[in-house]
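Report on the following structure.
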Amino acid sequence: INSQPSALSGSSEARFEFNATDAISGVDKIFCRRGTAAYQPCTSPTVVTGLVDGSYKMEFYATDKAGNSSKPIAVNWTVDLTAPTVE
């Protein structure tokens with residue numbers, strides 16, 4: 001993962017930049033998912049929008065042309081869009 005949101009973000013959008021390598025057969029596809037959703041093919045950069053206050057997890061894995069899959073890598077972050085109040 002080359003670029004990701006900071007652990008505590010004040011944005012309703014998260015941008016991820018990533019790559020994968022395989023010296024023998026080459027990378028076939030990269031897959032990603034947010035939370036527990038199904039993995040879907042994705043490309044870099046991937047942008048997630050419409051985020052609200054809360055904790056999030058994004059996972060990525062790659063497959064090579066021989067059908068091997070990498071171990072998933074996870075990115076966790078928290079979105080805080082609520083301004084503090086002074087009383």
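The values are calculated or read from the model by the stated rules, or taken from the named source; none is laboratory data. Here the structure is a predicted model, which means the values were calculated and not measured. We place every Cβ from the backbone using ideal geometry, glycine too, and count neighbours over all the protein chains shown. To get the accessible areas, we keep the full protein, side chains included, count just its heavy atoms, and leave off ligands, DNA and RNA. Shrake-Rupley method; radii C 1.70, N 1.55, O 1.52, S 1.80 Å.
Think of each Lys and Arg Cβ as +1 and each Asp and Glu Cβ as -1; about the Cα centre, that makes the dipole of the chain roughly 320 debye.
How much length would be gained if the chain were fully extended between ALA37 and ALA83, taking 0.36 nm per residue of separation minus their Cα-Cα distance, in nm to one decimal? Could the numbers behind the result be given before it?
Details: separation 46, 0.36 × 46 = 16.56 nm, distance 2.94 nm.
Working it through step by step, the gained length comes to 13.6 nm.
Below 14 Å, Cα to Cα, which aspartates and glutamates can LYS57 reach? Residues fewer than 8 away in the same chain don't count. LYS57 reaches GLU13.
For the chain, the solvent-accessible area with a 1.4 angstrom probe is 65 square angstrom per residue.
For the chain, the Cα gyration tensor yields ellipsoid semi-axes of 31, 11, 9 Å (square root of five times each eigenvalue, largest first, whole Å). Between ILE73 and SER3, the modelled label-to-label distance comes to 1.6 nm, taking each label 7 Å out from Cα in the direction of the beta carbon.
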